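Read through the structure below, which is laid out as structure tokens, and then see the notes.
The values are calculated or read from the model by the stated rules, or taken from the named source; none is laboratory data. These numbers were taken from a predicted model, which means no experiment stands behind them. Heads up, the Cβs are rebuilt from the backbone with ideal geometry, glycines too, and the neighbour counts pull from every protein chain shown. Side chains are part of the model used for accessible areas, which takes the heavy atoms of the whole protein and leaves out ligands, DNA and RNA. Shrake-Rupley method; radii C 1.70, N 1.55, O 1.52, S 1.80 Å.
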Amino acid sequence: QVQLVESGGGVAQAGGSLRLSCAASGRTFSNYAMGWFRQAPGKEREFVAAVSANGVNRYNADSRFTISRDNAKNTVYLQMNSLQPEDTALYYCAASTYYRTPTYYLANSYDYWGQGTQVTVSS
């Protein structure tokens, strides 16, 4: 079992920045990939970013967002810059413990999910 707890969400002005954190517990953190997804009201959950277990390979859907991880702290981060109102959503972190090489942008590659942290960007 893996437990994931997100933090760092809140309200930001357009053009501002936020840094989300996701603390993991329960299994050896450095053994599995991590991802961030988001879901806005009335929309499907969408891929934001992912990082491989060792942190070497990183993927993102938007160059304004940067994912990183600190395996010593069992934490993954999402740095979000130049935020826009359309970035308003509930942001989830997820762990992919089942696949050795997951398809990072697919939600069904991840078997554990956090509860989400709300990000609201005002214009």
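Carbon and sulfur atoms: what percent of the 1.4 Å accessible area of the stretch 7-123 do they account for?
Here carbon and sulfur together make up 44 percent of the probe-accessible area.
Can you list the chymotrypsin sites (Phe, Trp or Tyr not before Pro) in the stretch 77-123 that are in a DSSP coil and have 15 or fewer other beta carbons within 10 angstrom?
TYR98, TYR99
Considering only protein heavy atoms, what per residue accessible area in square angstrom results for the chain with a 1.4 angstrom probe?
Numbers: 6450 Å² over 123 residues.
I get 52 Å² per residue for this part.
From the gyration tensor of the Cα coordinates in the chain, what semi-axes in whole Å does the equivalent ellipsoid have, largest first, with each one equal to sqrt(5λ)?
So the three semi-axes of the chain are 23, 14, 13 Å.
Based on the mean of other beta carbon atoms within 10 Å per residue, what is the order of 57-64, 35-42, 115-122, most packed first?
Top to bottom by mean Cβ count within 10 Å: 35-42, 115-122, 57-64.
Below 8 Å, C-alpha to C-alpha, sequence gap of six or more: please give me the relative contact order for the chain in percent.
34 percent
Quick check: Cα centre of the stretch 9-47 to Cα centre of the stretch 73-123, how many Å?
One Cα centre to the other: 3 Å.
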